[in-house]
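The structure under discussion appears below in the form of C-alpha cells.
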Amino acid sequence: MNSKHIIVIGSGFAGLSAACVLAKEGFKVTILEKNDQPGGRARAWEQDGFRFDMGPSWYWMPDVFENFFALFGKKTSDYYRLKRLDPGYRVYYSKNEIFDVPADMVELEALFEQAEPGSSKALRDFLNQAAYKYKVGMGEYVFRPSHSITEFIDFNLIKKSFSMQLLTSMSSHVRKYFKNPQLIKLLEFPVLFLGATPQNTPAMYSMMNYADLALGTWYPMGGMNEIVKAMVSMAIELGVEIKLNTEVTKINIQDKQVDKIQTNNGVFTADMVIAGADYQHVDQHLIEKPYRNYTTKYWNSRTMSPSSLLFYIGTNKKVPNIQHHNLFFDEDFELHAKEIYTAPQWPSSPLFYVCCSSKTDSTVAPESGENLFFLMPIAPGLNDDETIREKYFTLMMDRFAQITGHDIRDSIVVKRSYALNDFKVDYHSFKGNAYGLANTLAQTAFFKPAMQAKHINNLLYTGQLTVPGPGVPPAIISGQVVAKEAMKKLAY
Ligand SMILES: Cc1cc2nc3c(=O)[nH]c(=O)nc-3n(C[C@H](O)[C@H](O)[C@H](O)COP(=O)(O)OP(=O)(O)OC[C@H]3O[C@@H](n4cnc5c(N)ncnc54)[C@H](O)[C@@H]3O)c2cc1C
C-alpha cells in the first residue's frame, strides 16, 4: 500500500475510472460524492416496479469497456451480460419512412443500396476510412493528456492528422459520399453525441460511424447503470472508499497546494485531488479566484453541449411498433440545431429520441408494461419550468402517436420530467448542460479545458468537460489518463 492519499471528487464514470486505476497502484483513494448514489449522470431511478437509466442509454465502443476491465484482470462479463441489439436502432423519417439499422453489414449495405443505388460501395469506402480513424483516434489521440500542442508535434502523428481530416467538417465529408438526405441524416446523427452540429465537427469523428455501424449498439442486461455497479464493486474490491451524500463546498489552497477539502460531511486532506465533478463548478465555485484555471468570460464563451428535456415514463400496456432505440427525425434537423447552438431558444419543431429498454430487458418494467425514456435535446442556459416541460410533453406525445399509431397517454402509470434545473441542482452542471463541452475543432484536444490546474500543484481535472470529451467511453478514458498524470506528479 502506497501511503499517499488521493481524493476524487465525484463518482461519475471518470471519477470511478481514475479511482480504480489509482487504487490498483496501491494508493489510498477516497471518492467524495454529493448525491446519494454513485454514477453521476448514469444514475438509476426506481419507481413502482420500473427501473430507469437516468442518463446514457447507448452502449457504444464495447472495446473501451473491455480494455478498461482488462486493466484489472477482469472482463465485462464478470459483472454484466452484454447483448448486441439488432436492429441497432430505428429512425422515423416520417410515418411511412422508417429505417431499421441492422447489425449485419450485408443487410446494412442492402438498406443503403435501396435508398441510393451505388451507395453500398460508398458505404464500404466511408467505413474503411472511419475504421482507420477509429484505430488512430482511439490508439494515438484519446490517451494523450493534451497539456500542450507539443504532445502532438511528432512527424508520424502530424502525417496521420492530415489523413484524419481535422479541417474538413463531418457535414461536407458525408456529402462527398452520399446524396440521399435520409442516409446523410443517418450518418450525421452520431456526432450529436459529441454535442455539436455536423457542420462544426471535424470529419475525424466519422470514427463514430464506425463505432455505430460496424462495432454496433449493445445493451448491458439490467440497464446502463449495471456498468456503474460493476465499476463500484471493482473499486470497492480494490479498496476505494466511496463517501456518498458528501458535497465538496470549498477547496482551500495554501502555498499552491490543496490544503483542505471542505464538505457538508467533514473536512478532508489529501496528497492529490482529482476533480471529476463538473469542471466549471470546481474552477469557478470551489476555488478562490487567484487559483482558478479560467475566467468567467472564458466559460461564458465555451460552446457547451446541449441540455435535454427528459421524461421517464412507465406504462401499464405494451407499446407495439417501436424498437429499443427510436429516433424521431421527422422534422428539420437544421432548424433544431440552430435553436440549440446559434439562436438558443426552446425549439419550434424538435427532433427527439425514445428509448424503450423493456423491449430487450424484462427486468426494467412490470410484465405488462413498458419502460420508456423520451429525450429532446435543447440549448443549455434556457429558462425551465413545469409549464414549458408540459408543452413539450404534449408535443412529443402527439408526434409519437401520429408516427407510431399508438397514443400511450392513457396507459401512463409513472411519469417524471427532468431538465435544465435538475442538471444544475443534481450535478452543478454549467447552464444545465447534459453532456459537458461540445467537441468542436476549437474545443478539441489541447484546446479543451486543461486536465492540469495551472496554479495548484496537486489538483487535476477529469470528466466530460476536459479531454477526451463527452460520452461514457471518453469519460472512462479520461479517468485512466488523469490517473496516469496523478502518478507522474506523485512520483516527485
Ligand atoms: C440524458 C443523457 C443521455 C446521455 N446519453 C449517452 C449515451 O447514450 N451514451 C454515452 O456514451 N453517453 C451518454 N451521455 C453522456 C455520459 O453520460 C456522460 O458523458 C458521462 O456519464 C459523464 O461522466 P463524468 O464522470 O464526466 O460526469 P458525471 O457523471 O456528471 O459525474 C460527476 C459527479 O460529480 C458529482 N459532483 C458534482 N459536484 C460535486 C461536489 N461539489 N461534491 C461532490 N460531488 C460532486 C456529481 O454528483 C456526479 O456524480 C448522456 C448524458 C445524459 C445526461
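The values are calculated or read from the model by the stated rules, or taken from the named source; none is laboratory data. Given the structure is predicted, the values throughout are model-derived calculations rather than measurements. Cβ: placed from backbone, ideal geometry, glycine included. Neighbour counts: every protein chain shown. These accessible areas exclude ligands, DNA and RNA; they are computed on the full protein's heavy atoms, side chains included. Shrake-Rupley method; radii C 1.70, N 1.55, O 1.52, S 1.80 Å.
Only residues that are open to solvent by less than 30 Å² (accessible area, probe 1.4 Å) and aromatic (Phe, Trp, Tyr): list them for the range 107-140, please.
Those that are open to solvent by less than 30 Å² (accessible area, probe 1.4 Å) and aromatic (Phe, Trp, Tyr): 112, 126, 134.
Does the range 433-451 contain at least one residue that is modelled with pLDDT of 95 or more, of a type outside the set (Val, Ile, Thr), near the ligand (Cβ under 10 Å from one of its atoms) and farther than 30 Å from residue 255 by Cβ?
Among the residues of the range 433-451, at least one is modelled with pLDDT of 95 or more, of a type outside the set (Val, Ile, Thr), near the ligand (Cβ under 10 Å from one of its atoms) and farther than 30 Å from residue 255 by Cβ, which makes the answer yes.
Counting only residues that are within 18 Å of residue 362 (Cα to Cα), small (Gly, Ala, Ser) and within 16 Å of the ligand (Cβ to nearest atom), how many does the range 42-87 have?
2
Scanning the range 238-265 for residues that are near the ligand (Cβ under 9 Å from one of its atoms) and either at pLDDT below 95 or outside any strand (DSSP E or B) (or both), which turns out nearest to residue 30 (Cα to Cα)?
246
Does any residue in the range 166-192 that is outside any loop (DSSP other than H, G, I, E, B) come within less than 8 Å, Cβ to Cβ, of a residue that is β-branched (Val, Ile, Thr) and open to solvent by 10 Å² or more (accessible area, probe 1.4 Å) six or more places away or on a different chain, and which pairs are these?
171/197; 174/184; 175/184; 191/197
Has the range 152-166 got any residue that is at negative phi, open to solvent by 50 Å² or more (accessible area, probe 1.4 Å) and either hydroxyl-bearing (Ser, Thr, Tyr) or at pLDDT 95 or above (or both)?
Within the range 152-166, not a single residue is at negative phi, open to solvent by 50 Å² or more (accessible area, probe 1.4 Å) and either hydroxyl-bearing (Ser, Thr, Tyr) or at pLDDT 95 or above (or both).
Residues being within 7 Å of the ligand (Cβ to nearest atom) and either over 19 Å from residue 4 (Cβ atoms) or among the polar types (S, T, N, Q) (or both): count how many of those fall in the range 266-281. Let's see the steps before the verdict.
Here is the first cut: in the range 266-281, the ones within 7 Å of the ligand (Cβ to nearest atom) are 276-278, 281.
Next cut, either over 19 Å from residue 4 (Cβ atoms) or among the polar types (S, T, N, Q) (or both) only: 277-278, 281.
Adding up the residues that qualify gives 3.
Looking only at residues that are more than 27 Å from residue 196 (Cβ to Cβ) and either assigned to a strand (DSSP E or B) or under 24 Å from the mean Cα position of the chain (by Cα) (or both) in the range 394-421, which one is nearest to the ligand (Cβ to nearest atom)?
416
Would it be correct to say that residue 320 is in a loop (DSSP other than H, G, I, E, B) and within 18 Å of residue 429 (Cβ to Cβ)?
No.
Which residue is nearest to the ligand (Cβ to nearest atom), if the candidates are limited to the range 294-340 and must be over 28 Å from residue 444 (Cβ atoms) and open to solvent by 20 Å² or more (accessible area, probe 1.4 Å)?
By that ranking, first place goes to 323.
When you go through 277, 343 one by one, which is the residue that is open to solvent by 20 Å² or more (accessible area, probe 1.4 Å), free of Cβ contacts under 8 Å to residues at least 12 places away in the same chain and assigned to a loop (DSSP other than H, G, I, E, B)? Lay out the reasoning, then the answer.
Numbers: 277 fails: free of Cβ contacts under 8 Å to residues at least 12 places away in the same chain.
Being open to solvent by 20 Å² or more (accessible area, probe 1.4 Å), free of Cβ contacts under 8 Å to residues at least 12 places away in the same chain and assigned to a loop (DSSP other than H, G, I, E, B) holds for just one of 277, 343, which is 343.
With (1) more than 13 Å from the ligand (Cβ to nearest atom); (2) open to solvent by less than 10 Å² (accessible area, probe 1.4 Å) as the list, and residue 18 as the residue in question, which single condition is left unmet?
Only one criterion is unmet by residue 18, namely (1).
Restricting the range 199-244 to residues that are among the polar types (S, T, N, Q) and surrounded by fewer than 19 Cβ atoms within 10 Å (Cβ to Cβ), which is farthest from residue 89 (Cα to Cα)?
Of all residues in the range 199-244, those among the polar types (S, T, N, Q) come to 199-201, 206, 209, 217, 225, 233.
Filter again for surrounded by fewer than 19 Cβ atoms within 10 Å (Cβ to Cβ), leaving 199, 233.
Working: 199: 24, 233: 31 Å.
Of everything passing the filter in the range 199-244, 233 is farthest from residue 89 (Cα to Cα).
Tell me, which residue of the range 452-488 that is of a type in the set (Gly, Ala, Ser) and within 12 Å of the ligand (Cβ to nearest atom) is surrounded by the fewest Cβ atoms within 10 Å (Cβ to Cβ)?
Among those residues, the one meeting the criterion is 471.
Within 12 Å of the ligand (Cβ to nearest atom), farther than 30 Å from residue 353 by Cβ and assigned to a helix (DSSP H, G or I) - does that describe any residue in the range 286-293?
Yes, some residue in the range 286-293 is within 12 Å of the ligand (Cβ to nearest atom), farther than 30 Å from residue 353 by Cβ and assigned to a helix (DSSP H, G or I).
Out of 104, 78, 86, report the one residue that is exposed (fewer than 15 other Cβ atoms within 10 Å of the Cβ) and closer than 23 Å to residue 329 by Cα.
104
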